[in-house]
Amino acid sequence: MRYICLIYNCADTDGTLTPDETSELIKAHLAFDEELLREGIMIHSDALEMPDQATVLRVRNSKLSATDGPYVETKEHLAGFYVIETPDMVKAKEIAGRIPSARYGAVELRPVRTLTLPD
């Protein structure tokens, strides 16, 4: 089964790591990525730019509107993600709990839903 691990950084601590701490966190993520690739678990992972670099698009009454970030005051923001494939939620939780950024923020684990059309 496929799962997405959404990494949230705490707005209060984001950007407060020292350069050495940041380097260690990046190294830990790269090593974790390699481990998951070797095990055939990882489908994809990426970090995201800061929320002020985002744009939200909406279509209402056939008209497209775009809003540049940041949007709302929040304690956490989406900072990155992993898409993994594991046999069950138990294994997915074990993997998600090892994501290095979980030490500084939170990881939301959610099953990926495969959409299909009725026959």
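The values are calculated or read from the model by the stated rules, or taken from the named source; none is laboratory data. All figures in this text were calculated on a predicted structure; none of them were measured in a lab. When we count neighbours, we look across all protein chains shown, and the Cβ atoms used for this are built from the backbone with ideal geometry, even at glycine. Heads up: the accessible areas ignore ligands, DNA and RNA and are worked out on the full protein's heavy atoms, side chains in. Shrake-Rupley method; radii C 1.70, N 1.55, O 1.52, S 1.80 Å.
How many residues does the range 23-39 contain that are at pLDDT below 95 and under 17 Å from the mean Cα position of the chain (by Cα)?
Final tally of qualifying residues: 2.
Of 109, 115, 57, 78, which residue is in contact (Cβ under 8 Å) with a residue 24 or more places away in the chain and open to solvent by 50 Å² or more (accessible area, probe 1.4 Å)?
On the way: 109 fails: open to solvent by 50 Å² or more (accessible area, probe 1.4 Å); 115 fails: in contact (Cβ under 8 Å) with a residue 24 or more places away in the chain; 57 fails: in contact (Cβ under 8 Å) with a residue 24 or more places away in the chain.
Going through 109, 115, 57, 78 in turn, just one is in contact (Cβ under 8 Å) with a residue 24 or more places away in the chain and open to solvent by 50 Å² or more (accessible area, probe 1.4 Å): 78.
Could you say which residue among 37, 57 is assigned to a helix (DSSP H, G or I) and either of a type in the set (A, V, I, L, M) or touching a His at 6+ places or on another chain (Cβ under 6 Å) (or both)?
Values: 57 fails: assigned to a helix (DSSP H, G or I).
Residue meeting the stated conditions: 37.
Return a yes/no flag: does the range 7-17 have any residue that is closer than 23 Å to residue 100 by Cβ and without any contact (Cβ under 8 Å) to a residue 24 or more places away in the chain.
Taking the range 7-17 and keeping what is closer than 23 Å to residue 100 by Cβ, we get 7-17.
Then keep just the ones that are without any contact (Cβ under 8 Å) to a residue 24 or more places away in the chain; that gives 15-16.
Within the range 7-17, one or more residues are closer than 23 Å to residue 100 by Cβ and without any contact (Cβ under 8 Å) to a residue 24 or more places away in the chain.
Go through (1) outside any loop (DSSP other than H, G, I, E, B); (2) farther than 14 Å from residue 2 by Cα; (3) open to solvent by 80 Å² or more (accessible area, probe 1.4 Å) for residue 16 and report which single condition fails.
That leaves (1) as the condition not met.
Given the conditions (1) surrounded by 15 or more Cβ atoms within 10 Å (Cβ to Cβ); (2) farther than 26 Å from residue 14 by Cβ, report the number of the one that residue 38 does not fulfil.
Single failed check for residue 38: (1).
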